[in-house]
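One structure is given here, and the rest of the page talks about it.
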Amino acid sequence: MSKIPKVTEPLLRLPHVKTMGVIGDPGCEGLGTYNMKVYAGTLEKSAGDDITLIAGDLVPIGNKHYYEEISDLTEVIAHNDVYVLRGNHDTGAYTDYFGRKNYALLAEEFTVVVLDNAMRTFEEEGLELLAQVLSMDEVQRVIVAFHIPVPNHYIRNSVSGEEFERLRKVYAPWKEKVKYFLCGHVHSRFEDVVDGIPTICTGGGGALIEDVSEDIRACDVEHHLVHFFMQDGELRYAFENLSENGYDRERKNSLLKENLEKTVAGELMAHLKYLTFADRARRRGMEKVASLFEALASSEYHHARNFYSVIESPAPFGESVKTFIPGEEFEYQRVYKMLEEYAGEMESPLAQQAFSGAAAAEKVHAGLLKEAMSMEEFDRGTVYVCPICGYVMAGDQIPERCPVCGGPRRQYEAYGPSNPPVFS
């Protein structure tokens, strides 16, 4: 039986449903592996609820290919029924896959009225349905769910005041029954009160988190989902932050994990080979060939990142920087030092030189990472990298020549607010 029921009737009675998980905006930025890893994690977290609702933007654009891809992934990972609310990216064949755009879920002790406002207007069909549901004596606790927020205190990216007034006129006679407005669209989260009704915005189910305002910054918001449940006779909700380490199905398969690791190494080796050849071609004046190989190198890097994201087991963002320090220290204190000495004993001067230069750079890496542990206080400006040996330099006094290999300052790569790395 499908995990994504196609809604064909305006009223669906779900008498045994007592809880609901809500996932916002999983696919509007594309169905890349990283985004889908977050979405997969939210689906698994939402498995503890009786049903799941996607608060819009399941796909980047509504053609058959994307709908089938997201549907197939959902069917494999979901543990409960997943209902869908139409977002502004859910165009085209939406109804072919998910059915009605306006419908109501009548659970055991609460009701969810799903309204389509993907085009920034509420459809008359949806408003008529809302009035019908609110007028029902059995309905006492209602979540009115739609994709694009109504006017609020945080963002201007909302439906117009006139459009909200159309909605307000419909629910006004039964306003006491409307317990929450629920929306997505914004790749973050916030809570507000609109017309006296608690309003929840959630967009943390896959898309990269964005700044909303000076008060709601991307660095302060994690990927998340929302749980609705009854407690002490009241309909309540709670956000649950998602660890980027939450989904681990592939990591548990030792053979698959091993092959993914080998694939990452292979893709990165191809990335390096293409970049190296691009540099050689550019030095010989073959700009078009160089550009081709730089593009291929970028493609291989992104392949490697996708494979790596499947098996990555990161710490929470705020704690991540310190996890990189031990590896840097171990490399320059132990590994590279030992290999440099061995290369010298074997009369292999080029390997000896490479290990020596790398060790010097890793020591600087460790120092900079220690400074960056307090991310909010980290104030280094531009960081320079010698492209010849990889030595890293930061601070006010940058030498004219690399202190490790002697490479000229004019060739240094600059990384700062206005000089983002090419493959970040």
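The values are calculated or read from the model by the stated rules, or taken from the named source; none is laboratory data. Because the structure is a prediction, the values reported are computed rather than measured. All Cβ positions, glycine included, derive from the backbone under ideal geometry; neighbour counts span all protein chains shown. All accessible areas refer to the heavy atoms of the entire protein, side chains included, with ligands and DNA or RNA removed. Shrake-Rupley method; radii C 1.70, N 1.55, O 1.52, S 1.80 Å.
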Dividing the surface of the Cα convex hull of the stretch 151-290 by four yields a projected area in nm² of 15.4 nm²
Probe 1.4 Å, all chains present, heavy atoms only: Met373 accessible area in Å², nearest 10, is 90 Å²
Rounded to 0.05, the calculated FRET efficiency for the beta carbons of His16 and Arg409 at R₀ = 60 Å is 0.30
Residue-ordered couplings for the stretch 29-37, obtained by feeding phi - 60° into the Karplus form 6.51 cos²θ - 1.76 cosθ + 1.60 and rounding to whole Hz (Gly and Pro as x), are 8, x, 9, x, 4, 5, 4, 6, 5
Cα-Cα longer than 29 Å, checked against Lys3/Lys101; Lys6/Lys262; Lys18/Lys101, kept in input order, equals Lys6/Lys262
Averaged per residue, the 1.4 Å probe accessible area of the stretch 1-85, protein heavy atoms only, in Å², is roughly 39 Å²
Once all protein chains are kept in place, Tyr384 shows an accessible area at probe 1.4 Å, nearest 10 Å², of 50 Å²
Result for the stretch 138-249: accessible area per residue, probe 1.4 angstrom, in square angstrom, of 44 Å²
P(r) over all Cα-Cα pairs of the chain, 20 Å bins from 0 to the longest distance, whole percent per bin, short to long, reads 22, 46, 25, 8, 0
Reduced to Cα centres, the span from the stretch 194-223 to the stretch 234-310 in Å works out to 28 Å
Karplus-derived 3J(HN,Hα) from phi for the stretch 388-405 (6.51 cos²θ - 1.76 cosθ + 1.60, θ = phi - 60°), whole Hz, x at Gly and Pro, runs 7, 10, x, 5, 10, 10, 9, x, 7, 10, 9, x, 5, 10, 4, x, 9, 10
Here the gain from full extension of Lys337 to Asn259, 0.36 nm per residue of separation minus their alpha-carbon distance, amounts to 25.1 nm
Eigenvalues of the alpha-carbon gyration tensor of the stretch 191-251, times 5 and square-rooted, give semi-axes in Å, largest first, of 25, 19, 8
Counting only protein heavy atoms with a 1.4 Å probe and every protein chain in place, the carbon and sulfur fraction of the accessible surface of the stretch 1-106 in whole percent equals 52 percent
Rounded to the nearest whole number, the Stokes-Einstein translational diffusion coefficient of the stretch 108-173 at 25 °C and 0.890 mPa s (Kirkwood radius, C-alpha pairs) in µm²/s is 197 µm²/s
The percentage of the accessible area of the stretch 134-204 (probe 1.4 Å, all protein chains present) made up of carbon and sulfur atoms, to the nearest whole number, is 47 percent
Here the cysteines of the chain lacking a cysteine partner under 4.7 Å (Cβ to Cβ) are Cys28, Cys183, Cys201, Cys219
The size of the Cβ-based charge dipole (Lys, Arg +1; Asp, Glu -1) of the chain about the Cα centre, to the nearest 20 debye, is 980 debye
Rounded to the nearest 0.05, FRET efficiency between Glu234 and Glu165 (Cβ-Cβ, R0 30 Å) equals 0.60
Here the percent of antiparallel bridges among DSSP beta bridges lying wholly in the stretch 1-159, to the nearest 5, is 20 percent
Among Tyr415, Cys219, His65, the residue whose Cα sits farthest towards the positive end of the charge dipole of the chain, when +1 is placed on the Cβ of each Lys and Arg and -1 on the Cβ of each Asp and Glu, is Tyr415
Percent antiparallel among DSSP beta bridges confined to the chain, nearest 5, equals 55 percent
Cα extents of the stretch 1-90 per principal axis, largest first, Å, are 36, 27, 22
Expressed per residue, the solvent accessible area of the stretch 291-424 in Å² (1.4 Å probe) is about 64 Å²
Taking R0 as 30 Å and r as the Cβ-Cβ distance between Ser243 and Met269, the FRET efficiency 1/(1 + (r/R0)^6), rounded to the nearest 0.05, comes to 0.50
Here the Cα Rg-to-2.2 N^0.38 Å ratio for the stretch 209-350 is 1.57
Rounded to one decimal in nm, the spacing of the 7 Å Cα→Cβ label points at Thr8 and Ala47 is 3.0 nm
Of the stretch 140-166, those with amide N under 14 Å from the point 7 Å along the Cα→Cβ vector of Ser213 are 150-158
Kirkwood Rh over alpha-carbon pairs of the stretch 338-424 plugged into Stokes-Einstein at 4 °C, 1.567 mPa s gives a D in µm²/s of 91 µm²/s
In nm², the average projected area of the convex hull spanned by the Cα atoms of the stretch 270-424 is 11.2 nm²
